[in-house]
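Taken together, the values in this text are just the output of simple stated rules run on the coordinates, not laboratory data. In this text, all values refer to a predicted model and were calculated from it rather than measured experimentally. Every residue, glycine as well, gets a Cβ built from its backbone with ideal geometry; the counts of neighbours run over all protein chains shown.
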Amino acid sequence: MTEELNENEQIEKIGRETYQSILNILTESPFFYVDDDPVRFTSLRRHKSAFEKFFSKFFGWRLYVDAKMARLIRDKSYNDAVKPSQQRYFNLTSRIECILFLVLLEFYEHECDEQSFSYEESQNLRFNYGSYYDFCRKTLETQLGERAPSEKALDQDSRALLRKLEHYRLLRVVETAQNAESDRGPELLIEILPGLNCYEGAKMAESIIRKSYGADSGEFDEQAEGVVPEEVAND
């Protein structure tokens, strides 16, 4: 009874409407970014322990919060009838998607060094699509030689991956401009959103490429479940 009273007091302290809104925001999307709703995000950070207790007590989920984002982490699934492929979280479904995503993570680290960027900065890292494309092309040509995708195919696959990552709010296309000097599509200005930092893949890129197209290709399942961080508790 005392615990229940303390919980009610905590809710009233936060504000019932604010409390309810934050709970909904956290379950509506895998990531809650500070610029989604600065006021509610600040309230979440200020009362983090209250929300941690709620999700731990009623769902067994963990809550991660830093200065730029918050997300729920589910350590296990309970409905064995639902296959991983039927769950609606970020999923990479082909070899080329896995490869380009891992190369993107490596390129992200490269750009952080080049731009002297730190995750703690208030602004997010930005770069031009052309720089990422050139990095992909050089990486794949080095690893695969003649088996590397054609420039046209690489451009199409790279853009498709970026659209998918934008859908899952891992990056944002900030600006689009036609590149008159290139046969590729329009130039893009890409902004990396904080959620991408949940993935660590720079050291994995070479081994995944080798498994996909090299001597270890038999180990790679074309219908792999994808590359995901600790399981996010919502879509």
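Below are the figures for this structure:
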read-out	value
Residue exposure sequence - 155, 66 - by fewest surrounding Cβ within 10 Å	66, 155
Measure of compaction for the range 2-73 (Cα Rg per 2.2 N^0.38 Å)	1.03
Which listed pairs, of 13/48; 53/164; 13/68; 13/76; 13/53, have C-alpha distances above 22 Å, in listed order	53/164; 13/68; 13/76
